[in-house]
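The values are calculated or read from the model by the stated rules, or taken from the named source; none is laboratory data. Everything quoted here is computed from the prediction, not taken from an experiment. Note that we place each Cβ from the backbone using ideal geometry, even for glycine, and neighbour counts take in every protein chain shown. Heads up: the accessible areas ignore ligands, DNA and RNA and are worked out on the full protein's heavy atoms, side chains in. Shrake-Rupley method; radii C 1.70, N 1.55, O 1.52, S 1.80 Å.
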Amino acid sequence: MAKYSILVVNGPNLNLLGTREPEIYGHETIKDLENMLKKVADELNVDIECYQSNHEGDIVDKIQNSRNKVDFILLNAGAYTHTSVAIRDALAGIDMPFYEIHISNVHKREEFRHHSFLSDVAVGVIVGFGLDGYEFALRGAVRFLDRKH
Ligand code: DQA
């Protein structure tokens, strides 16, 4: 039986990975990312579900519906990071531990990317490691859960 259940949520425009501003986000696609995460999840003996949506309300629904089903969320909320009180409230509302992930180093980009509505309710933040950040986050989530159980 799998040890834990982990949900990976990618927000708006991350479906375009591979073709979207490759100098910032790289050449790998979201499928490549999900395949890599599934391999690491197998190695760690955890269940993983990968979800992507461009719609704020759908992301809120997905988070709410993960209550009592998922142990941890890995979240790259994309641009909603900088705008969405609703996504923050959903995570806080179900008391779900999560890591906030950004592929790029948002702190060396435009000023509007420096503020996050999520960071102060996240367990941690992973920024600027490219797609490797998701792998680090997955391994980190399992260690976090191991310490808790
Ligand atoms: C991003 C950074 C955000 O500012 C941006 O809107 C994204 C991707 C990242 O992964 O670096 O869509 O979250």
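Does residue 69 satisfy the condition of being away from the ligand (no atom under 15 Å from the Cβ), assigned to a helix (DSSP H, G or I) and within 21 Å of residue 140 (Cβ to Cβ)? First the steps, then the outcome.
Details: away from the ligand (no atom under 15 Å from the Cβ): yes; assigned to a helix (DSSP H, G or I): no; within 21 Å of residue 140 (Cβ to Cβ): yes.
In short, no.
In this structure, is residue 27 over 23 Å from residue 129 (Cα atoms) and within 16 Å of the ligand (Cβ to nearest atom)? Outline the logic, then answer.
Working: over 23 Å from residue 129 (Cα atoms): no; within 16 Å of the ligand (Cβ to nearest atom): yes.
Spelling it out, it is not the case that residue 27 is over 23 Å from residue 129 (Cα atoms) and within 16 Å of the ligand (Cβ to nearest atom).
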Item to complete: Would you confirm whether any residue within segment 140-148 is open to solvent by 30 Å² or more (accessible area, probe 1.4 Å) and under 15 Å from the mean Cα position of the chain (by Cα)?
Response: no
Fill in: Leading residue by the ranking (nearest to residue 140 (Cα to Cα)) among those in segment 79-118 that are within 9 Å of the ligand (Cβ to nearest atom), assigned to a helix (DSSP H, G or I) and open to solvent by 50 Å² or more (accessible area, probe 1.4 Å)
79
Worksheet item: Give me the pairs: first residue in segment 109-126 and under 13 Å from residue 87 (Cβ atoms), second residue near the ligand (Cβ under 10 Å from one of its atoms) and modelled with pLDDT of 95 or more, beta-carbon distance under 6 Å, and six or more apart or on different chains, which are they?
Response: 116/81; 118/81; 118/100; 119/100; 122/100
Response to the item:
Conditions (1) surrounded by fewer than 19 Cβ atoms within 10 Å (Cβ to Cβ); (2) touching a strand residue (DSSP E or B) at 6+ places or on another chain (Cβ under 7 Å) -> residue 7 fails only (1)
Fill in: Residue in segment 1-24 that is nearest to residue 46 (Cα to Cα), counting only those that are of a type in the set (S, T, N, Q) and within 12 Å of the ligand (Cβ to nearest atom)
10
